[in-house]
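Please read the structure below before turning to the comments.
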Amino acid sequence: MGLPGGARSRRLSVRPAASPALGRCRAVRPDRTACTKEPTISVADPPAEPNEPSDRLRRIPESAASALRRLARTPRALLAGLLVVVLAGGLLAAQELTAAGEVRRGVRVGGVDLSGLSQAAATDRLRAAAEPVQASPLTLQAGAATMTLPRSRAGVELDVEASVAAAMDV
């Protein structure tokens, strides 16, 4: 019974009489030799064949193998740049997915920070901040003449819903 793998398998060789590491050896019978030390067993791998494609490339289809060979000839700086672009795109896509339905970070409307808020929360915060502004009258000035007018009478109001919608679209 041989070793698995056929001719390409490892070969075992035992050299009882040829090794000085075995100590003194004597012939017990014509077919047996007795030594004072245990025999050394060495494993010899068959030499690699340089023109043979590697095992990895033999297991994949030829079209994929040729694509890998072309990729191996591509300059590493170009591959590194492509990797950076792909990673940046992935990070932006991940941010878009996690921030869906929320105002983006750093968005302000009239000095009011709406970062990370849902549409309802942003509307509530903007309305609360707009109340003092809506309550203050408008002062109109033309030359030397000055006139104070309530905002409701002048028709000037903050459109909170449109402002929040614009903040959500950023």
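Suppose we filter segment 135-160 for residues that are within 28 Å of GLY101 (Cα to Cα) and surrounded by 12 or more Cβ atoms within 10 Å (Cβ to Cβ); how many remain?
Total meeting the criteria: 2.
Looking only at residues that are in contact (Cβ under 8 Å) with a residue 12 or more places away in the chain and either loosely packed, with under 10 Cβ neighbours inside 10 Å or among the small types (Gly, Ala, Ser) (or both) in segment 82-108, which one is nearest to ALA121 (Cα to Cα)?
GLY101
Out of ALA48, ALA122, I need the residue that is open to solvent by 50 Å² or more (accessible area, probe 1.4 Å) and either assigned to a helix (DSSP H, G or I) or at pLDDT below 65 (or both). Which one?
The match here is ALA48.
Which one is farthest from LEU158 (Cα to Cα), of the residues in segment 110-119 that are polar (S, T, N, Q) and open to solvent by 40 Å² or more (accessible area, probe 1.4 Å)?
Residue satisfying both the conditions and the ranking: SER118.
What are the residues in segment 125-134 that are in contact (Cβ under 8 Å) with a residue 24 or more places away in the chain and open to solvent by 40 Å² or more (accessible area, probe 1.4 Å), if any?
Once the filter is applied, which keeps residues that are in contact (Cβ under 8 Å) with a residue 24 or more places away in the chain and open to solvent by 40 Å² or more (accessible area, probe 1.4 Å), segment 125-134 yields ARG127, VAL133, GLN134.
Enumerate the pairs (first residue in segment 155-170 and closer than 24 Å to GLN95 by Cα; second residue anywhere and small (Gly, Ala, Ser) and assigned to a loop (DSSP other than H, G, I, E, B)) with beta-carbon separation below 6 Å, excluding pairs fewer than 6 apart on the same chain, so at least 6 apart or on different chains.
Every condition considered, no pair remains.
The values are calculated or read from the model by the stated rules, or taken from the named source; none is laboratory data. All of these numbers come straight from a predicted model, not from anything done at the bench. We place every Cβ from the backbone using ideal geometry, glycine too, and count neighbours over all the protein chains shown. For accessibility, only protein heavy atoms count, side chains too; no ligands or nucleic acids. Shrake-Rupley method; radii C 1.70, N 1.55, O 1.52, S 1.80 Å.
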